[in-house]
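Quick notes on the structure that follows.
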Amino acid sequence: MDLKTGDTRLIIGACSADGLLRNQTAYVLATAYHETAHTMKPIYERGARAYFNKYEPGTKIGKTLGNAVKGDGYLFRGRGYVQLTGRTNYARAGRELAIDLLRQPDLALLSSNAAQIIVLGMVEGWFTGKKLADYITLAKSDFKNARRIINGTDDADLIAGYAVQYDALLIADGYGVAAPQAAPPAPAKPIPAPQPAPAAERVPQPLPKPPSKLAPAATVIAIIAMALAGFWHHVTSFIGSLLQ
């Protein structure tokens, strides 16, 4: 058992695309492993043609499967990874996948269709009304009773054992493990504001000199002296004119 046989990776991709938990995916793989005789490829349900008479209209199983026309038992025999069986199941799967499985039931053997059928069928409860989430969640992995999703409890313990092994393989493969997030960039270190120098290191600055009070007085004296000089010049000129 590994994650490479047949269409294992295709089925894992379909589970991942539908958002299945790792343990749910493990049970889908275990179911496919059992139903395909360990090939992990879509196959027909095995048996001679007469074997499928038990699915014919009028039989108990045939009524349950919705088979209404003679030959439906063989025409709508099991196909795919999960052995889709019966007119009712083929009709529903065809509606869900938008393909005509009633006219072309062998379309259920195409890997892309078969992967959708096993995943959606188990998630939504197409086959027995039981769903994956009824037995397998984040809180529990009831692999044994999950067989009721497909077909009662036949081989329940065997398939549960397969699921445990697939779960371990998926863990090792990193299924459902979030990618590590890049560490956020470190915040820039704040630049400290310049601090004043200690008192002992401060250089005393000279205080500005107050404006001199002598400057205006000297100016006034100079003006008075000039005025007196001019006045004395006029006086001496006048006296000189009188003496002539």
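Quick notes
- When residues in region 1-11 are screened for being farther than 19 Å from ALA160 by Cβ and in a helix (DSSP H, G or I), 2 of them pass.
- Set ILE118, ILE191: member being among the β-branched types (Val, Ile, Thr) and modelled with pLDDT of 95 or more: ILE118
- Scanning region 1-15 for residues that are under 14 Å from VAL119 (Cα atoms) and either at pLDDT below 95 or of a type in the set (D, E, K, R) (or both) yields a total of 2.
- 2 or more residues more than 17 Å from THR36 (Cβ to Cβ) and under 31 Å from the mean Cα position of the chain (by Cα): qualifying helices (runs of 4 or more DSSP H) within region 69-180: 87-97, 111-124, 156-173
- Candidates in region 12-54 are the residues that are open to solvent by 20 Å² or more (accessible area, probe 1.4 Å), in a loop (DSSP other than H, G, I, E, B) and touching a residue at least 40 places away in the same chain (Cβ under 8 Å); of these, the one that is nearest to LEU120 (Cα to Cα) is ASP18.
- From the options ALA68, ALA115, residue that is of a type outside the set (Ser, Thr, Tyr), surrounded by 14 or more Cβ atoms within 10 Å (Cβ to Cβ) and in contact (Cβ under 8 Å) with a residue 12 or more places away in the chain: ALA115
- When residues in region 129-153 are screened for being more than 24 Å from GLY176 (Cα to Cα) and surrounded by 20 or more Cβ atoms within 10 Å (Cβ to Cβ), 1 of them pass.
The values are calculated or read from the model by the stated rules, or taken from the named source; none is laboratory data. Here the structure is a predicted model, which means the values were calculated and not measured. We place every Cβ from the backbone using ideal geometry, glycine too, and count neighbours over all the protein chains shown. Just the protein is used for accessible areas: all its heavy atoms, side chains included, with ligands, DNA and RNA removed. Shrake-Rupley method; radii C 1.70, N 1.55, O 1.52, S 1.80 Å.
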